[in-house]
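The values are calculated or read from the model by the stated rules, or taken from the named source; none is laboratory data. The shown structure was predicted, so the numbers you read here are calculated from the model rather than taken from an experiment. Note that we place each Cβ from the backbone using ideal geometry, even for glycine, and neighbour counts take in every protein chain shown.
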Amino acid sequence: MSDADAVLSQFSHLVRTLLTKRGFTEKETIEAFLNPDYDAHMHDPLLLAGMDRAVERVLKALEKKERIAIYADFDSDGIPAGVVLKDFFARIGYDNVDVYIPHRHNEGYGFHAEAIDKLHARGATLIITVDVGITAIDAVEHAKQKGIDVIVTDHHELSTELPKAHAVVNPKREGYPFPDLCGAAVAYKLVQALIAEGRARGDARFTNIPDGWEKWLLDLVVIGTIGDMVPLVDENRVLAHYGLRVLRKSSRPGLLALFRKLRVSQKDLTEDDIGFLIAPRINAASRMDVPELAFRLLATQDSRETEAIATELEGLNRKRKGAVAATVREVKKRLRERSIESPVIVLGDPEWRPALLGLAANSIVDGRGGVVCLWGRDGAGRLKGSCRSDGGTSVVELFQSAGGVLEQFGGHHASGGFSVTHEHVHTLPQVFADCAERLECRALERETEDAVLSLESISHELMGDIVRLAPFGIGNPKPVLRVAGVIIRSVRQFGKAQEHVEIMCESEMGQTLKTIRFFSQPEQFSVTPQAGAHVDILGTLEKSSFGGRTELRLRIGDIVSSS
């Protein structure tokens, strides 16, 4: 028996199958995946190009008591990233620090000259960007003319030219072994490198930091990692694994207030709680005009104000959901009226708010696949949009192929944003369609199963087996189970707008299982479910604690004919 076979023999057939399907066939890779080790599996931060210059410049600023500005993006990655640096400076007792978060609606995404002018007026001589800045050629040059040095820390796709900053730290630059860190993780790497160098120099501010203190910042890093949907493999798996452990123990007052407001059990938190509950509320702050609110929630140590902030964030999130739902309904109405079947959808309206369009586009993609691009008008009158892709085509490649039609663009392969002139906005549908055709854009096929099971096989023991492979996300998706030969007992739609579907299933032996899919209609499945029908259901197993009662249920991916 090989070493790999010996390791695999310890696990159930399902876990062995899932590990093999994910490409883990060697003893070392299996053990590294199932048991991430912080010391063994994290990469040296100094392998990041530009990190040495960044560290040197920050330490010089500390020595000369310069005013340091943290310029953070406004989303669920950028805001935790900004708090990572703010917490670090607080820990070493350095308070000559400013924080700037651009207003999503009035300023938009990016590193802006107007913001640099404000920070210059406040006395900043060093700006550290987090989760933004990799394409800010002109803004960095503007800062230099003002006598301000800029350290860019970012993780977004590189353009052909880097900004001429004092240092540019991005894992996608050549030399770093893992390119897919999120912005909060890059900020964390900077903190790691600063602490190591400060200790090496014998600086008391650093030598007084307890060994491993920086790991308590991983509650922020895991929010950014899950919230920004980076691949949960390699170093990200380590950060997510340990970040969840820290999050379950975190004493951060704002998070504790948020957990109470959401009625979630801190000790049982999962990546789903971050993705579906925590990150959306951080994002809601900027989408609804007050990005500083989310920053304050995560950064404050004053427990007296956290309840009020958490309550306000919850109210903003409710408003955000209502606004997004209204936009989604309007988009679907237009799709029906115009009978649009193209794999690339481009729709817009000057009345639509750009801050909400990524969420709306994501909802449409979930239902139809392909690429969906939606545009609206921001507070300054600029036309801005968001694109989401099911993975068949890279959004960034789509933007790059559009020639000079777009004013600005950026993002990841699955999602991105753009700005466009009033002159060119009406040409976007044809331009993007032509570009997508050249890129061979396609809608992804329906989900295929990782394992075929009977309904009787669904149990808490099975769930325990599946959780061995968590945390799940891009690069490590939840296993898709095909539950074969079930009998549909009932089909009902629920929700304020009847936008969700619940199907109760039963086996020939009488065992029941609730299956559910949000933002979907019964006719969207390959087989329309009807009471009494015998079908196979594809989906992911999850544990629900809704209403204080724990139960297993299946999140439906598709319903197909019984094999």
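Within the range 478-511, work out how many residues are in contact (Cβ under 8 Å) with a residue 40 or more places away in the chain, closer than 27 Å to His13 by Cβ and not basic (Lys, Arg). Here the count works out to 13. Checked against the criterion of being part of a helix (DSSP H, G or I) and within 27 Å of Glu423 (Cβ to Cβ), the candidates Leu335, Leu359 yield just one match: Leu335. With respect to the conditions (1) in contact with a helix residue (DSSP H, G or I) (Cβ under 7 Å, 6 or more places away or on another chain); (2) at pLDDT below 95; (3) farther than 23 Å from Glu235 by Cα, Ile116 falls short on a single one, namely (2). Among the numbered conditions (1) of a type in the set (Asp, Glu); (2) over 21 Å from Gly198 (Cβ atoms); (3) surrounded by fewer than 23 Cβ atoms within 10 Å (Cβ to Cβ), the only one that Asp73 does not meet is (3).
Taken across the range 499-508, residues that are of a type in the set (Ser, Thr, Tyr), in the same structural domain as Ser457 (by TED's automatic domain parsing) and assigned to a loop (DSSP other than H, G, I, E, B) do occur, with at least one present.
For the range 20-51, what are the residues that are over 30 Å from Pro479 (Cα atoms), of a type outside the set (A, V, I, L, M) and surrounded by fewer than 15 Cβ atoms within 10 Å (Cβ to Cβ)?
Selection gives Asp44 alone.
Checking the stated criteria, Asp228 turns out to be touching a residue at least 24 places away in the same chain (Cβ under 8 Å), closer than 26 Å to His412 by Cβ and surrounded by 22 or more Cβ atoms within 10 Å (Cβ to Cβ).
The residue pairs whose first member lies in the range 41-60 and is more than 16 Å from Ala185 (Cα to Cα), whose second member is at pLDDT 95 or above and surrounded by fewer than 18 Cβ atoms within 10 Å (Cβ to Cβ), and whose beta carbons are closer than 7 Å, counting only pairs six or more residues apart or on different chains, are Asp52/Leu46. Is it the case that Gly475 is within 26 Å of Ala360 (Cα to Cα) and of a type in the set (Gly, Ala, Ser)? Answer is yes for this residue. Taken across the range 311-323, residues that are of a type in the set (A, V, I, L, M) and either assigned to a loop (DSSP other than H, G, I, E, B) or closer than 22 Å to Ser389 by Cα (or both) do occur, with at least one present. Among residues belonging to the range 290-310 that are of a type in the set (Asp, Glu) and in a helix (DSSP H, G or I), point out the one that is farthest from the chain's Cα centre (by Cα). Out of the qualifying residues, it is Glu305.
Considering the range 153-229, the qualifying helices (runs of 4 or more DSSP H), each wholly inside and each with 3 or more residues that are over 25 Å from Arg252 (Cα atoms) and more than 17 Å from the chain's Cα centre (by Cα), run over 183-200. Scanning the range 89-122 for residues that are out of contact with any Asp or Glu (no Cβ under 8 Å at 6 or more places or on another chain) and at positive phi gives Gly93, Gly110. Of the residues in the range 131-152, not one is surrounded by fewer than 22 Cβ atoms within 10 Å (Cβ to Cβ), closer than 28 Å to Phe276 by Cβ and touching a residue at least 40 places away in the same chain (Cβ under 8 Å). Scanning the range 236-254 for residues that are over 17 Å from the mean Cα position of the chain (by Cα) and among the β-branched types (Val, Ile, Thr) turns up just one, Val246.
Looking at the range 255-289, which of its residues are among the small types (Gly, Ala, Ser) and within 20 Å of the chain's Cα centre (by Cα)? It would help to see each step written out before you state the result.
We begin by selecting, within the range 255-289, every residue among the small types (Gly, Ala, Ser); these are 257, 265, 275, 279, 284-286.
Hits for the range 255-289 are Gly275, Ala279, Ala284, Ala285, Ser286.
In the range 454-484, the qualifying residues are those that are surrounded by fewer than 16 Cβ atoms within 10 Å (Cβ to Cβ) and either part of a strand (DSSP E or B) or of a type in the set (Lys, Arg) (or both), and the one that is farthest from the chain's Cα centre (by Cα) is Ser454. Within this structure, Phe259 passes the test of being assigned to a helix (DSSP H, G or I), aromatic (Phe, Trp, Tyr) and surrounded by 15 or more Cβ atoms within 10 Å (Cβ to Cβ).
Restricting the range 320-378 to residues that are more than 22 Å from Gln521 (Cβ to Cβ) and of a type in the set (D, E, K, R), the residue that is surrounded by the fewest Cβ atoms within 10 Å (Cβ to Cβ) is Glu351.
If you go through the range 76-101 and keep only what is assigned to a loop (DSSP other than H, G, I, E, B), surrounded by 20 or more Cβ atoms within 10 Å (Cβ to Cβ) and in contact with a strand residue (DSSP E or B) (Cβ under 8 Å, 6 or more places away or on another chain), you end up with just Ile101.
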